[in-house]
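A quick write-up on the structure given underneath.
The values are calculated or read from the model by the stated rules, or taken from the named source; none is laboratory data. The model shown is predicted, which means the values in this text are computed figures rather than measured ones. Because the Cβ atoms are built from the backbone with ideal geometry, glycine has one as well, and the counts that use them run over all protein chains shown.
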Amino acid sequence: MDLTIKTSLKENRRHGNDSFPLASYWIDQNIAGAPILECHWHDEVEFFYVMEGEVLFQLDTDYFPVKAGEAVFIDSGEIHAGHSYNNSTCMYGAVVFDSQLLSSSSFDHIQANYIAPFLDRTKTFPVHITGDSRWERQLLFQLRELLSICDQGDLGYELAAKQQLYAMLHTILPQGRHVNRSKGLNNETKSLRLKKAITYIQLHYHQPLKIAEIAGQIPMSEGQFIRFFKSMTRQTPIEYLNSYRIRRAAELLLDPSNKISSVAMDVGFDHMSYFVKVFRQQMNCTPSDYRKRMLHAGAESLKV
């Protein structure tokens, strides 16, 4: 299974590859209170399955708790994030794929009646799959099987994974199981504004950034923007900016040739002491300790 944590807001990475655009992830967030899944979006669709703990899930402007054994379906372009709920740790699995993966080579009966409605969102999966009904429990079982198939990666797993996705579509065929999300979620204007602000942060995080500069991209006044941003992400713009910078720093620290002081400057921190302080707050260790721990873990994995 691909263990890379999704870290960008508008992800420009490909999940899977051109010939099989599907990837699975298994993440163990063992720091209580830490963000489970940073606010982001991508063009692919995604199943998010909570294995342990509980998550306060954000989908565009909606928030709802997701318990262990429950799942969320995220459609293309939907802003989503996971927040620690009741200060608990969490383990989750995710499957991200290009919905065109399920398309037929020609516009046959299957494409017209089952795949096309899924692609245009008129007959798609419910947002929150709780397991309260028999068919939802079946759907969750199928999702666990899909995660297991991708995790094992046996010969021909791509065939089995695609078969499982078709089976999941079959499960939601009857009326009352699928939902129409073709009109999108509420507050689309707010989501578009947030995407614009987040994209600007993502492109300019390594430079000195002022709140007024980011707010001007929407545009809003500085105070109005701070209230708007926090209502959407549960973080202030500065908290989010620092969080994004630390995630970028964590990637750079994996290369032992990068000096820690240079990493701090590269991700936008002018003062080393402030960089260490923010890093410790978010990662529960210093940059130096993080590098040592990660390099040791990498060396140990090579011995196995």
Report task. Report whether or not Pro65 is modelled with pLDDT of 90 or more, surrounded by fewer than 19 Cβ atoms within 10 Å (Cβ to Cβ) and over 23 Å from Arg177 (Cβ atoms). Result -> no
Report task. Look at Arg291 and say whether it is at positive phi and surrounded by 15 or more Cβ atoms within 10 Å (Cβ to Cβ). Result -> no
Query raised in the report: Identify, please: which residue in segment 223-277 is among the charged types (D, E, K, R) and closer than 18 Å to His204 by Cβ and is, among those, modelled with the highest pLDDT?
Result: Asp266
Report summary line: Considering residues that are part of a helix (DSSP H, G or I), modelled with pLDDT under 90 and either of a type in the set (Asp, Glu) or surrounded by 14 or more Cβ atoms within 10 Å (Cβ to Cβ) (or both), the number found within segment 278-288 is 2
Query - Residue ID - surrounded by the most Cβ atoms within 10 Å (Cβ to Cβ), chosen from residues in segment 232-277 that are aromatic (Phe, Trp, Tyr) and in contact (Cβ under 8 Å) with a residue 40 or more places away in the chain - result: Tyr240
Query raised in the report: Can you tell which of Leu155, Leu173 is farther than 20 Å from Ile115 by Cα and in a loop (DSSP other than H, G, I, E, B)?
Result: Leu155
Requested in this report: Give segment 117-152 a look and list any residue that's assigned to a loop (DSSP other than H, G, I, E, B) and either at pLDDT below 95 or in contact with a helix residue (DSSP H, G or I) (Cβ under 7 Å, 6 or more places away or on another chain) (or both), or say none.
Outcome: Asp120, Arg121, Thr122, Lys123, Thr130, Gly131
Report task. Go through segment 68-87 residue by residue and tally those that are hydroxyl-bearing (Ser, Thr, Tyr) and surrounded by 15 or more Cβ atoms within 10 Å (Cβ to Cβ). Result -> 2
Report summary line: Being outside any loop (DSSP other than H, G, I, E, B) and in contact (Cβ under 8 Å) with a residue 60 or more places away in the chain narrows Val55, Val50, Val66, Val72 down to just Val66
Query - Which numbered condition Val95 fails, given (1) among the β-branched types (Val, Ile, Thr); (2) modelled with pLDDT under 95; (3) under 22 Å from Trp41 (Cα atoms) - result: (2)
Query raised in the report: Within the bounds of segment 96-115, is there any residue that is surrounded by 16 or more Cβ atoms within 10 Å (Cβ to Cβ) and within 26 Å of Met232 (Cβ to Cβ)?
Result: yes
